[in-house]
Amino acid sequence: MLNIIICGAPGCGKGTQSELIVEKYKLNHLSTGDLLRKEIESKTELGKEAESYISKGNLVPDQMIISILTKAIDAQDKEKNGVILDGFPRTVAQAEALEQMLQERGMSTSVLLDLQVDRRELINRLLKRGETSGRSDDNMETIKKRLEVYEAKTAPVSDFYKSLGKYASVDGMGTIDEIFGRIASVLDSNK
Ligand code: ADP
């Protein structure tokens, strides 16, 4: 089984690369951002609560996202070769909860891919996406806040996986194909 975490600052290309990875390695794709945006679109109570955090660039509370993710893991297609987690875990508390949850299900994380992109490039990509995405968080003020939150809360998740010997840094600058090539070589050496 190949259970991958794809991690990196907002705008690093996690979503784009995840699509290519699921296709090649026949994995399930769980994006916590997408799951939350579906709740917002459907105007559920959970969606309304989540929107109040997301639109300000903050993370939603750990307990909320851990419960959403656990349900999604249990509902996933068992025929696939594993899963790619996109946007989760985003705090060390989420990482601890994830590892425990996987262990209880006889699973474990294979590797965390950390996509590295320059700050200026991240901001450019997110502003460009904001022109068409309709996302309430793709504007300059919220982007800056998300980058701050990333440094404070999510960057430490890398150290957690380094200590487990399951960390791989990937250069996220260049074309989509170049970056995917780097990811595939990490994953192929992990098999
Ligand atoms: P990006 O990586 O561009 O910020 P995402 O779609 O992954 O986009 O996340 C958008 C927003 O959804 C985050 O800024 C955060 O508010 C919320 N979110 C997504 N995943 C999590 C998570 N694991 N924990 C807390 N909040 C999350």
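The values are calculated or read from the model by the stated rules, or taken from the named source; none is laboratory data. Note that the structure is a prediction, hence the values are computed from the model and not measured. Neighbour counts run over all protein chains shown; Cβ positions are idealised from the backbone, glycine included.
Annotations
- Exactly one residue among 125, 120, 182 is part of a helix (DSSP H, G or I) and within 12 Å of the ligand (Cβ to nearest atom), and that residue is 125.
- Annotation note: Cβ proximity below 6 Å between a residue of segment 74-96 that is over 15 Å from residue 7 (Cα atoms) and modelled with pLDDT of 95 or more and a residue that is more than 13 Å from the ligand (Cβ to nearest atom) and in a strand (DSSP E or B) (sequence gap 6+ or interchain) occurs for 76/28; 77/28; 80/28; 81/2; 82/2; 82/3.
- Taking residues in segment 143-164 that are in contact (Cβ under 8 Å) with a residue 24 or more places away in the chain, and partners anywhere that are of a type in the set (Lys, Arg), the pairs with Cβ atoms closer than 8 Å and at least 6 places apart or on different chains are 145/56; 147/119; 153/90; 154/90; 157/90.
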